[in-house]
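Engineer: This is the structure I want to talk about, given as structure tokens.
Any read-out appearing in this document is the output of simple, stated calculations on the displayed coordinates, not a laboratory observation. Please read all numbers here as calculations on a predicted model, not as lab measurements. In this analysis, Cβ positions are derived from the backbone assuming ideal geometry, glycine residues included, and neighbour counts consider all displayed protein chains.
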Protein chains: 2
Amino acid sequence: MTGDKQGSQPQTAQESQATSTTRRPVCILGLGLIGGSFMQALTAAGRDVFGYNRSEATVDAASNSGYDASSDLVATLRRAAADDAIIVLATPVTTIEPLLSAIAETAPQCLLTDVISVKQAVAEKVSRLHPHARYVGGHPMAGTSRSGWDACDPTLFTNAMWMVTTSDDTDADDWTAVAELALQVSAIVVPAAPDAHDRAVAAISHVPHLLAADTAAVGAGESNLALRLAAGSFRDGTRVAATEPALQRAMIEANDIAVLNALSEAIDRLVQARDELRDSGSVAALIDDGHRARMAYEEMAARGREPIVGVSVGAPGWASDMRKQAHEGRVWLG
Amino acid sequence: MTGDKQGSQPQTAQESQATSTTRRPVCILGLGLIGGSFMQALTAAGRDVFGYNRSEATVDAASNSGYDASSDLVATLRRAAADDAIIVLATPVTTIEPLLSAIAETAPQCLLTDVISVKQAVAEKVSRLHPHARYVGGHPMAGTSRSGWDACDPTLFTNAMWMVTTSDDTDADDWTAVAELALQVSAIVVPAAPDAHDRAVAAISHVPHLLAADTAAVGAGESNLALRLAAGSFRDGTRVAATEPALQRAMIEANDIAVLNALSEAIDRLVQARDELRDSGSVAALIDDGHRARMAYEEMAARGREPIVGVSVGAPGWASDMRKQAHEGRVWLG
């Protein structure tokens, strides 16, 4: 059933290490949980990696662990330009504008990617501040509620979904170079358009966080009697509401347009259920839709990952073909 | 922290077996998952139990397992009347009207309780069809998605919350007799008014089921890409949507008034979050409220169960005092 999930991954990563693009060094800007874990994972996979972080404390922690880190942004970008490094933006989306301006100024020829959880907002900032960038967006679906260098983990991305954005004008070599970074840290590559990414993440992560918060607030607001009775449906339905509020807000608010659409659908469905219950005593429509949806999820999870097939990166129409197959739930195994 | 949860329970059950009310036999009407498990658990605790079920197949299965079951309702109720048995209604709320009429006709003096997940609707039917009943409502917060005699489990109620309704005119001996049934099967007794019960269960069970269905429907409706990316927040938030729709509907629809109120609050909070996100780019209010609520739940779960203290069942104002303490999240340990 799911036996193919892990077996093919290391092999693919080893194969990709043999290609020339994987010799290029990687320059990571921001050494928080994701950036720092990526630095550790790529180093473990044999890549040359160096990085920048604004805080000296993190730079010291990384350096003391044997990693190549600096708090000098311009020097780091000069080195990236000289080495033809792949630059990875790994800071919150709210802080990337000065970084993009500095990259456009100092390392304009470098291939640029990111690990930020929203894709349209990043693409918009890139096209405004670094309009001639060679940019391919990325988003590893991985994380924990912990933060800082000590929380970094080189296995954080193992079997995680890693979105790599794919547009009709995406350069095939650049796309491959970014996708291979993800494969090298044992992630699963999902090629998707930026807007499709944002809609999907709103639907399966951001709106679920809002509904978990809603479930918790309504339940706990009733009485301590209610909380005392709370069992499985409340416990599981509110688990992610325990995540640090600032982390939840940063993720949801950066994806505001897609969240507004998915949240409006969530509200409409609840209003219809309320009206149906009031007028005919039934909640059939919502409960049936929800049950069918959960069964579809379980079936897809049980079936394992279907690979994208019959697409050669760089061939005519490859990006569109990949997006279509990704839309059907398929992944790229390299 | 939670060391008191299990330690005091068996002792209390043993103590209560020594009292005279616990000698009375128990007559269970309906031998499904809850009724059948209750028959097994009470038998294991040393009570005399007999039961009725409409389907001969279930009666045969129970009889073949050594239990005392019949498909003759009138004969069963005559026996209950003759033995002064405590009668337990253990069928869906939609099917209790003819049973209540038969009890009023054949066994009107017997103490009556139930194990149904809604309390105001049952109380209303009892007062209409059996107005002079000695009735104390009950609701064990236990269950599985399985059904039928084979799914019955005598340990189903261990450490489960068992609501026992408490009104100002509740007879103290009758209340104690029903509460002791729950203690004998190792449940935790929570005394609550019928309306408080229904509101609490709407808030921490029925609305969470509707929000889980909503989360699932919105997520799965976006694309297979979205389902492929679905991770922890979607998986946990939709788990209970996998429950058989008929079971979810029966539970929610029987509690329609309380569900309508709690669902309206859930909708209002989501609408406010949508407006805040649209107008100011923030989801702070909902995320903060949800986080605080989840922390309150975790704190209460970690603290263990606080017992109701200083109330002697039957003393002036005992029922009101118990309800107030239950409203604060306390439980009755006997």
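Engineer: Just want to confirm a number: the relative contact order over the range A:199-302, from Cα pairs under 8 angstrom separated by 6+ residues, in percent.
Structural biologist: Averaging sequence separation for qualifying contacts and normalising by length gives 29 percent for the range A:199-302.
Engineer: Using the alpha-carbon centroid of each, what span in Å lies between the range A:26-100 and the range B:130-167?
Structural biologist: 59
Engineer: Taking a temperature of 20 °C and a viscosity of 1.002 mPa s, what whole-number D in µm²/s does Stokes-Einstein yield for the range B:199-302 with Rh from Kirkwood over alpha carbon pairs?
Structural biologist: D = 140 µm²/s.
Engineer: For label points placed 7 Å from Cα toward Cβ, what is the shortest-first list of nm distances from B:Gln272 to its copies?
Structural biologist: Spelled out, the distances from B:Gln272's label point are 2.6 nm.
Engineer: Where a ≥ b ≥ c are the square roots of the eigenvalues of the C-alpha gyration tensor, would you call the range B:232-289 rounded, which needs a/c under 1.5, or, failing that, prolate if a/b is larger than b/c, or oblate?
Structural biologist: Because a/c hits 1.5 or more and a/b fails to exceed b/c, the range B:232-289 counts as oblate.
Engineer: Per residue and in cubic angstrom, what volume does the convex hull of the Cα atoms of the range B:47-181 have?
Structural biologist: 117
Engineer: For chain A, with a Gaussian network of springs between Cα atoms less than 10 Å apart, report the residue from A:Gln272, A:Gln40, A:Gln184 with the top mean-square fluctuation.
Structural biologist: For chain A, modelled as a Gaussian network with Cα springs under 10 Å, the answer is A:Gln272.
Engineer: What net charge do the residues around B:Asp321 carry, taking every other residue with its C-beta under 14 Å from that of B:Asp321, with Lys and Arg at +1 and Asp and Glu at -1?
Structural biologist: Here the count lands on +1.
Engineer: Give the shape of the protein assembly as shown as rounded, prolate or oblate, defined through the alpha-carbon gyration tensor: a ≥ b ≥ c are the square roots of its eigenvalues, a/c under 1.5 means rounded, and otherwise the shape is prolate if a/b is larger than b/c and oblate if not.
Structural biologist: Taking the square roots of the gyration eigenvalues as a ≥ b ≥ c, the protein assembly as shown is prolate.
Engineer: Once both axes come from the Cα atoms, what is the angle between helix A:120-129 and the longest principal axis of chain A, in degrees from 0 to 90, rounded to 10?
Structural biologist: The angle comes out near 30 degrees.
Engineer: Once amide H atoms are placed 1.01 Å from N in the peptide plane, what residues at a sequence separation of 5 or more from A:Gly334, or on another chain, have their amide H within under 5 Å of its amide H?
Structural biologist: Placed amide hydrogens put nothing under 5 Å from A:Gly334.
Engineer: For A:Glu105, place a label point 7 Å from Cα along the Cα-to-Cβ direction in every copy; what are the distances to the other copies, in nm, shortest first?
Structural biologist: 9.2
Engineer: In addition: Across the range B:24-37, in residue order, what do the Karplus-derived ³J(HN,Hα) couplings come to in whole Hz, using 6.51 cos²θ - 1.76 cosθ + 1.60 with θ = phi - 60° and x for Gly and Pro?
Structural biologist: So the J values, rounded to whole Hz, are 5, x, 10, 10, 9, 9, x, 10, x, 4, 6, x, x, 5.
Engineer: May I pose another question? Under the rule of at least 5 residues apart or a separate chain, name every residue whose amide H is placed under 5 Å from the amide H of B:Gly329.
Structural biologist: For B:Gly329, whose amide H was placed from the backbone, the distant partners under 5 Å are A:Leu225.
Engineer: Once you average over the residues of A:176-182, how many Cβ atoms of partner chains fall within 10 Å of each Cβ?
Structural biologist: 0
Engineer: Okay, next question. Hey, fewest Cβ within 10 Å first, where do B:Leu225, A:Leu100 land in order?
Structural biologist: A:Leu100, B:Leu225
Engineer: Determine, for each peptide in A:53-59, A:292-298, the mean count of other beta carbons within 10 angstrom over its residues, then list the peptides with the highest first.
Structural biologist: Those peptides, ordered most packed to least, come out A:292-298, A:53-59.
Engineer: Would you please classify the overall shape of the range A:257-296 from the alpha carbon gyration tensor, given that a ≥ b ≥ c denote the square roots of the eigenvalues, rounded means a/c under 1.5, and beyond that prolate means a/b larger than b/c while oblate covers the rest?
Structural biologist: Oblate, since a/c reaches 1.5 and b/c is not below a/b.
Engineer: From the phi angles alone, apply the Karplus equation (6.51, -1.76, 1.60; θ = phi - 60°) to the range A:314-324 and give each ³J(HN,Hα) in whole Hz, x where the residue is Gly or Pro.
Structural biologist: Once rounded to whole Hz, the list reads x, 5, x, x, 4, 5, 5, 4, 5, 4, 4.
Engineer: Right, next: Find how many whole Å separate the alpha carbon centroid of the range B:263-318 from the alpha carbon centroid of the range A:243-270.
Structural biologist: Between the Cα centres of the range A:243-270 and the range B:263-318 lies a distance of 20 Å.
Engineer: Partner chain Cβ atoms within 10 Å, averaged over the residues of A:252-263 - can you pull that number for me?
Structural biologist: 4
Engineer: Sticking with this one: Just need the relative contact order of chain A here, percent rounded to a whole number, with Cα pairs under 8 Å and 6+ apart.
Structural biologist: Computed over chain A, the figure is 18 percent.
Engineer: Other chains' Cβ within 10 Å of B:159-171 residues: what's the mean?
Structural biologist: If you average over the peptide's residues, the count of other-chain Cβ atoms is 1.
Engineer: For B:Arg47, A:Arg23, which order do you get if you count the other beta carbons within 10 Å of each Cβ and list the fewest first?
Structural biologist: Lowest to highest Cβ neighbour count: A:Arg23, B:Arg47.
Engineer: When B:Val331, A:Val309 are ordered from fewest to most other Cβ atoms inside 10 Å of their Cβ, what list results?
Structural biologist: Ascending number of Cβ neighbours within 10 Å: A:Val309, B:Val331.
Engineer: Any chance you could give the angle, 0 to 90 degrees and rounded to 10, that helix A:96-106 forms with the longest Cα principal axis of chain A?
Structural biologist: Helix A:96-106 sits at roughly 20 degrees to that axis.
Engineer: Mind pulling the angle between the C-alpha long axis of helix A:73-83 and the longest principal axis of chain A? Nearest 10 degrees, somewhere in 0 to 90.
Structural biologist: 60
Engineer: Compute the label-point distances linking A:Lys324 to its equivalents in the other copies; points lie 7 Å from Cα along Cα→Cβ; give nm, one decimal, shortest first.
Structural biologist: So the distances to the same position in the other copies read 7.1 nm.
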